[in-house]
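A short worksheet on the structure shown next.
The values are calculated or read from the model by the stated rules, or taken from the named source; none is laboratory data. Values in this document were obtained by computation on a predicted structure and should not be read as measured data. No Cβ is skipped: glycine too gets one built from the backbone with ideal geometry, and neighbour counts run over all protein chains shown.
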DNA sequence: AAAAGCAAGAATATCGATATTCCCTTGCCT
DNA sequence: AGGCAAGGGAATATCGATATTCTTGCTTTT
């Protein structure tokens, strides 16, 4: 008899833990994920560990090479560009549908997520962004699309946003201008969404994503 | 010592087998996937079976309810509508990028896939579509986007096309008008793509998808 | 000296068994 | 008679061990 979980499966907990470790930089891109080591670290057997890793692979946060094991996914400028393109297209679609279909509860969810975002400390004392802020930022953008009524779209958007968290983590400290401008855009986005100004909101979201990608491209510490 | 595979992992083979069985209708939507039964059927242990099933869940061909096991995914009109919307948007994007970036090898790939499609028997003697034709049709549409240079987009398109295979399988026998019209559109699509008529090709692809979805909606044997 | 072959070690992939959870039946209480 | 609770059976979830594969460095051969 062991102290067993009553709420979430072990696989789910390990998946969450691994994803958090990748997105926070504890596990660096490209580094191998040794099964025995990870199994000890997370106190689970290799079966559940492999199941969690398999899900990470499908979400493009890890890579599996047959008979050579799992590694944390690599990043690249090309992938970042693709990520931005898909985010513009799909986050825009989700936002538009949400503005058409969303009710008052959705508006409240958006306002709530934005409130958290605005009142979460953005930077550590050393200037790097806090995990909490990155998470709150992703959650706000998630909320914008949550009333779109399209489960597939929402699922895929979530994986895209997770990938974007990885790039933000790697790019490090944003300069003050960039940070303040992004915050102002987020606020305007919240206002436009809840007042159903569809075209303006989509246009602003496009610019918002474009600006983020451009900044990340300039600050990514990778060559290719 | 057992006769071991030298080419693909067991998980990959089981995944391919399960997907084929779902898409060909051997495993019906909503039916439970008993682990022990499936493990015996595919001659593998539960670990590799669970890993294959986990991938199927991520690709939306199966569903996992904690402590209640895996089931084949359910279909619905709402999901089909969403599928069509995403296919129009993303297959259109992939096609456009391929027409911009594709070289002669891509054109050859498209022509080749279309040749196979055109010369594969479309219907069984009982009037139902053959698995080979459904597969060839999906492969042709896959080829159209293959030069887009966007791995994420291509991966996701593949999962969307797999889901569409499931709906086609369930809808059963197309009438002769529908079948011939679709074939004519596929041929025109091939011509427009290889002659780089971008706008016409996208417009036609949109209509092609829309027509398919409309027909599937009329012929799906589901209520909701 | 260079290249091919071999062997030892390490890591992954797979397996079969055990522990846990859930469902359904049976019996008891009101 | 109806409802609730405990128990048996079946299915899932998890584990630890075994088999397989890959890497690496050494030996052997030309």
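Can you tell me which residue within the range B:40-68, out of those that are more than 21 Å from residue B:79 (Cβ to Cβ) and more than 8 Å from DNA strand C (Cβ to nearest atom), is surrounded by the most Cβ atoms within 10 Å (Cβ to Cβ)? Ranking the qualifying residues of the range B:40-68, first place goes to B:52. Of B:35, B:104, B:18, all but one fail to be away from chain A (no Cβ under 11 Å), under 15 Å from the mean Cα position of the chain (by Cα) and farther than 30 Å from residue A:87 by Cβ; the exception is B:18. Taken over the range B:190-215, the criterion of being farther than 15 Å from residue B:141 by Cβ, in contact with a helix residue (DSSP H, G or I) (Cβ under 8 Å, 6 or more places away or on another chain) and not in a loop (DSSP other than H, G, I, E, B) is satisfied by B:198, B:200, B:215. One residue alone among A:76, A:150, A:98 is within 12 Å of chain B (Cβ to nearest Cβ), crowded, with 21+ Cβ neighbours inside 10 Å and modelled with pLDDT of 95 or more, and that residue is A:150. Within the range A:212-224, residues that are within 11 Å of residue A:76 (Cβ to Cβ) have Cβ atoms under 6 Å from residues that are at pLDDT below 95 in these pairs: A:220/A:171, counting only partners at least 6 apart in sequence or on another chain. Out of B:89, B:64, one residue alone is under 30 Å from residue A:97 (Cβ atoms) and in contact with a strand residue (DSSP E or B) (Cβ under 6 Å, 6 or more places away or on another chain). It is B:64.
What do you reckon, is residue A:90 surrounded by 14 or more Cβ atoms within 10 Å (Cβ to Cβ), under 20 Å from the mean Cα position of the chain (by Cα), within 13 Å of chain B (Cβ to nearest Cβ) and within 11 Å of DNA strand C (Cβ to nearest atom)? Answer is no for this residue. Checking each residue of the range A:131-143 against the condition of being under 23 Å from residue A:178 (Cα atoms), in contact with a strand residue (DSSP E or B) (Cβ under 9 Å, 6 or more places away or on another chain) and assigned by TED's automatic domain parsing to the domain that holds residue A:211 gives at least one match. Can you tell me which of (1) at negative phi; (2) touching a helix residue (DSSP H, G or I) at 6+ places or on another chain (Cβ under 9 Å); (3) at pLDDT 95 or above is the one residue B:71 doesn't meet? If we test residue B:71 against (1) at negative phi; (2) touching a helix residue (DSSP H, G or I) at 6+ places or on another chain (Cβ under 9 Å); (3) at pLDDT 95 or above, just (2) comes out false. Look at residue A:83 and say whether it is away from DNA strand D (no atom under 12 Å from the Cβ) and touching a helix residue (DSSP H, G or I) at 6+ places or on another chain (Cβ under 6 Å). Yes.
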